[in-house]
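Down below is the structure, laid out as C-alpha cells.
The values are calculated or read from the model by the stated rules, or taken from the named source; none is laboratory data. Here the structure is a predicted model, which is why all the values come from computation and not from measurement. Glycine gets a Cβ as well: all are built from the backbone with ideal geometry, and neighbour counts include every protein chain shown.
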Amino acid sequence: MPSLSDFGWFLSPTRKIIDKWKAKRGRAHRTVALRKWSRCLFFFELGALLALSALCLEPAPGRWTIVGVPLLLYAISRINEIAYAFYRDPLSPVKDSNLTSVDRVRMAMRSYFGLGFNFAVLYYFAPFSGLFSSGNSTHPLEGFTEAVYFSGVTLATLGYGDIVPACVVSRAVALAEVFTGILVIAVAVAVYVGSIRKREV
C-alpha cells in the first residue's frame, strides 16, 4: 500500500530525488548536495530560458506535445519543490545541513528565478486556449518571451494589465505564482537575512 511519502513522487519528483541524494550520508554531504542541486537547476533553467526565447516559439496547436509535456512536468515538480522547501526550511528549528544563511539566501534567489521560469513554462505550454486577454479579446501568448514577461510581472506583483488572465485556470496559476513568490522572498529571505544580522550583532 502506498504511503504519504510515495505521494511526494507524484507532486514533486525533483524534491524526492534531492531528498534521496542528500539522505545517503552525513550533514557535510547534504550541504554539498544541496549546493550542487541548486546551481545545476539554476543553470539548466537559465539555459532553457535562453534556448526557448531564442527559438522564438510561436503559439501553435500542438506545442505542448513534443517539448511541452516534459517541460510542464518539470515545471510543476520544481514549483512544488521550491514551495515546500521554502515553507519548511525557514520554520524548521533544526537544520539538516551545514548551509549558512548566506548559502540559503543565494539558493532562495536562484529559486526565485526558477519560479519565474517555471511559471512561464506553465503559462506558455498549458494545453488550454483562452488563458489570457489583451484589451477585449482573448490573446494567446506571442512567443515564450511574452510568457516570461507575464510571469516576471506576476511574480513581482506589478500587474501592469497589458496581459490579463482570462479564465479560472490562468487566474489560479497566477495567484499560486504570487503566493509562492511571496513565500520565497518575504518569508524565507527575511528569516535568512535576519539570522545573518543576529550573527553580526
Exactly one of (1) within 16 Å of Arg78 (Cα to Cα); (2) touching a residue at least 60 places away in the same chain (Cβ under 8 Å) is unmet by Arg30. Its number? (1)
Does segment 134-149 include one or more residues that are within 17 Å of Ala83 (Cβ to Cβ) and at pLDDT 90 or above? no
Tyr84: of a type outside the set (Val, Ile, Thr), in a helix (DSSP H, G or I), buried (at least 18 other Cβ atoms within 10 Å of the Cβ) and modelled with pLDDT of 80 or more, yes or no? no
Any idea which of Ile182, Ile196, Ile163 is at pLDDT 80 or above, β-branched (Val, Ile, Thr) and surrounded by fewer than 18 Cβ atoms within 10 Å (Cβ to Cβ)? Ile182
Under 6 Å by Cβ, and 6 or more places apart or on different chains, what pairs join a residue from segment 140-154 that is under 17 Å from Ala176 (Cα atoms) with one that is outside any helix (DSSP H, G or I)? Ala147/Leu141; Phe150/Ile163; Val153/Tyr160
